[in-house]
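The values are calculated or read from the model by the stated rules, or taken from the named source; none is laboratory data. Since the model is a prediction, treat every value here as computed from it, not as a measurement. As a convention, Cβ positions derive from the backbone with ideal geometry for all residues, glycine included, and neighbour counts pool all protein chains shown.
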Amino acid sequence: MSSFDPLGLRPNDPLERWRDFHEKREREFAEARRQQEEEQQRRADAITANEATQPRYALEARIAALEQRNADLETDFLEVACATRLNVEVLADQRVELSREQREELCELKVEVSKLGSTLAEMRERGTDFRFAREKDAVADLPNFLPQRRVVTPTDCRVALNLLPLLWHSRQRRTCCRLCCE
C-alpha cells in the first residue's frame, strides 16, 4: 500500500508497485542512514570517551606512583627517625659516662691543685733560704757578651746598601739610610 493508493484498490498496478518499491527503498535507505549516523555518533562518543579516559588513566597511574613514593618516603623517614633516636640515646649515654669520668677527674685535679698550692706556699716560705750548690754568698757580675757600639759612617751604609737594596729610602735626596742622614 502506497501513499498514493491508501485503500489498496490497485494492487497490481505497475506504477503503484514501482512507487511502493521506491518508498520501501527510501525507508530502507533512511533507516540505513539513521543507523549509520547512530554508528558514527557512537564512534564519536567512544573516541571522546576514550580521549577523556586516557588522561584519567594517566592521572590515576601518576597518583598511584605518588602514593607509592609517599609510602616509601614515610618508611624512609621512620627509619631515619629511629636511627636518629638511637644515635641521640647513645650520645646521651656517652655524655653521662663522660660527665661521670670528668667529675671524677675534676675531683682528682682539685686534690692535685690543693697539694701543689700547699707545696708552693711551703716553697715561698723557704724561698729566701734556697740556693744552688755552686752558689756563693756574694753576687757575681756576669761577663758582657754583646759587642760594643760603634759609629756608623756613610761608607759603611753604602756598602750595606749594596748588599741589601731594600734599605734605600730616597734616591732624590741621595741619602743612603736613616742612620747616616740624620
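Residue by residue, here is whether (1) surrounded by 10 or more Cβ atoms within 10 Å (Cβ to Cβ); (2) acidic (Asp, Glu); (3) free of Cβ contacts under 8 Å to residues at least 60 places away in the same chain holds:
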site: Leu7; (1), (2), (3): no, no, yes
site: Ala30; (1), (2), (3): yes, no, yes
site: Glu37; (1), (2), (3): yes, yes, yes
site: Ala58; (1), (2), (3): yes, no, yes
site: Ala61; (1), (2), (3): yes, no, yes
site: Ala71; (1), (2), (3): yes, no, yes
site: Glu79; (1), (2), (3): yes, yes, yes
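Could you please let me know if Leu66 is part of a helix (DSSP H, G or I), at pLDDT 90 or above and surrounded by 10 or more Cβ atoms within 10 Å (Cβ to Cβ)? First the steps, then the outcome.
Numbers: part of a helix (DSSP H, G or I): yes; at pLDDT 90 or above: yes; surrounded by 10 or more Cβ atoms within 10 Å (Cβ to Cβ): yes.
When the stated conditions are applied, Leu66 passes them.
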